[in-house]
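The values are calculated or read from the model by the stated rules, or taken from the named source; none is laboratory data. Just so it is clear, the model here is predicted, and its values are computed rather than measured. Here the Cβ is made from the backbone with ideal geometry for all residues, glycine too, and neighbour counts use every protein chain on show. SASA here: full protein model, heavy atoms, side chains in, ligands and nucleic acids out. Shrake-Rupley method; radii C 1.70, N 1.55, O 1.52, S 1.80 Å.
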Amino acid sequence: MSTMRQAREVARIDLVVEGRVGETIRVIVPFAVAALLVLPLAQGPNLALLRQVGPAVFWTLGLLFGMQIALRQSANDTDARRDLYALAGVDPAARFLGRTASGTVLLTVFLAVLFVAILALYDTPLTGAAVPALAMSVVLFAYGLAALATLAGEVSSGLRNRGALASLIVAPLSLPLVMGAAQTAAGIGRDAGILSWSLLLLATDIALTVVGVAVAGPLEEART
Amino acid sequence: MQTDGPGVRLAAVQPLVALARVGVTRDGNALLDDVVLDIAPGEVVGVSGPNGSGKTTLLRLIATLIRPDRGTGHVLGARLATPGAFGVRHRIGLVGHEPALVPELTIFENLDHIARLGGLDRDRVMPVLEIVGLAGAARRRIRAASRGMQRRVEIAHMLLRNPDLLLLDEAASGLDADAAGLIEAITTRVTANGGAVVTVSHDPSHLQGCTRVLSISAGRLVSA
């Protein structure tokens, strides 16, 4: 079976499991939306201020809660499930790609919900023409964060303090993703050029994919 | 049987497993020490020993899931601790202590997932479930299945995959007579196809029917 087919199957099952456990939808999304309420409640009905800080709040909460979602995926990878995949002949690169794909779907759904909540609560201005470019930046950000968290999960697998270590890896390395996505969105709002920031996002995603696929096998071997 | 050094070596032609003075140390503890073992096609090797003696470590070593620190080992022609070991994993079946199943999926979905990952014939899933007596419970989630049912699912997994090397870790523990009969049946099937079986148990009565029985104590393998 090809690597891509195995990756698709890994992603499919991840999403089926998430659909049944519902951790992202039932726990993390409501918490993130509740966190959005903190600033309006603290500042009162200052719409001008809320419009101004809306995008910054979106990307901050997107990163913080997005990290939780993305790292949760790799934390669910039990030793028994790793053995199952190893003995089923699953290519470690396929596992990386599949987990990244399922993480991307979950993060995109999460960011879409967060975005709608920002529009409603912060009165953030948005024109219809900006939606495709904004959607592209959200998906590229989601993919990069999912790939980074999957990679961090693989690197820290089997180590003590795994969760803390994975977060420490993801937080600083996500900087180009946050910068690229936030500046792309800001550029759309100002009618400024977004190509360079979009390319930064795309280049980061490609780099993370290449590194993840390349090290998946050696990391699997090192874990034995 | 002929003795060679501190471990046990059986004369065998083109062994499926060949371990030469293999040792495994983790966190300063010698889990396996100076293990010498050849397993020929058609053999059913039983290993008995008390808890913590190294039985599970031995099986995981043969399954290529852990690497030796000392000595050399070959499994199905691939040298342990080399990338070549990846290539034979799909020919190895392991029924371990912890069920290698996805708890959120149903019994059918687990086997279907394995079939999809391994490029196996998905039409065989239901017939295999009928063989192990679980066709009527196919839609039950693993989380809601009894330990005995989970064992049957793992046996069904092995029937689906037809491994050349079957490793059974306390597989008969807690099973009723029907399920124990299924283990005998799959053991016969594997050896009839030129494969081999290694079964470990702390209870020597579970090793009746083995072509030879070894004993393991403090990580050292000796003839029983």
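Listed here are the residues, each with its yes/no results for (1) in contact with an Asp or Glu (Cβ under 7 Å, 6 or more places away or on another chain); (2) at pLDDT 95 or above.
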| residue | (1), (2) |
| --- | --- |
| B:83 | yes, no |
| B:86 | no, no |
| B:111 | no, yes |
| B:122 | yes, no |
| B:125 | yes, yes |
| B:141 | yes, yes |
| B:155 | no, no |
| B:165 | no, yes |
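Summed over region B:91-109, the residues that are in a helix (DSSP H, G or I), touching a strand residue (DSSP E or B) at 6+ places or on another chain (Cβ under 9 Å) and more than 9 Å from chain A (Cβ to nearest Cβ) give a count of 1.
Of the residues in region B:199-211, at least one is aliphatic (A, V, I, L, M), out of contact with any Asp or Glu (no Cβ under 9 Å at 6 or more places or on another chain) and touching a residue at least 12 places away in the same chain (Cβ under 8 Å).
Do you know which residues across region B:161-177 are within 15 Å of the chain's Cα centre (by Cα) and aliphatic (A, V, I, L, M)? Scanning region B:161-177 gives B:165, B:166, B:167, B:168, B:171, B:172. Given the criteria open to solvent by 20 Å² or more (accessible area, probe 1.4 Å) and within 16 Å of the chain's Cα centre (by Cα), does residue B:194 qualify? The answer is yes for residue B:194. The number of residues in region B:52-77 that are open to solvent by 10 Å² or more (accessible area, probe 1.4 Å) and part of a strand (DSSP E or B) comes to 4. Of all the listed residues (A:40, A:55, A:30, A:45), the sole one being more than 14 Å from residue A:102 (Cα to Cα) and assigned to a loop (DSSP other than H, G, I, E, B) is A:45.
With respect to the conditions (1) over 11 Å from residue B:220 (Cα atoms); (2) among the small types (Gly, Ala, Ser); (3) not in a loop (DSSP other than H, G, I, E, B), residue B:42 falls short on a single one, namely (3). Considering A:195, A:165, the condition of being over 30 Å from residue A:132 (Cα atoms), aliphatic (A, V, I, L, M) and open to solvent by 40 Å² or more (accessible area, probe 1.4 Å) is satisfied by A:165 alone.
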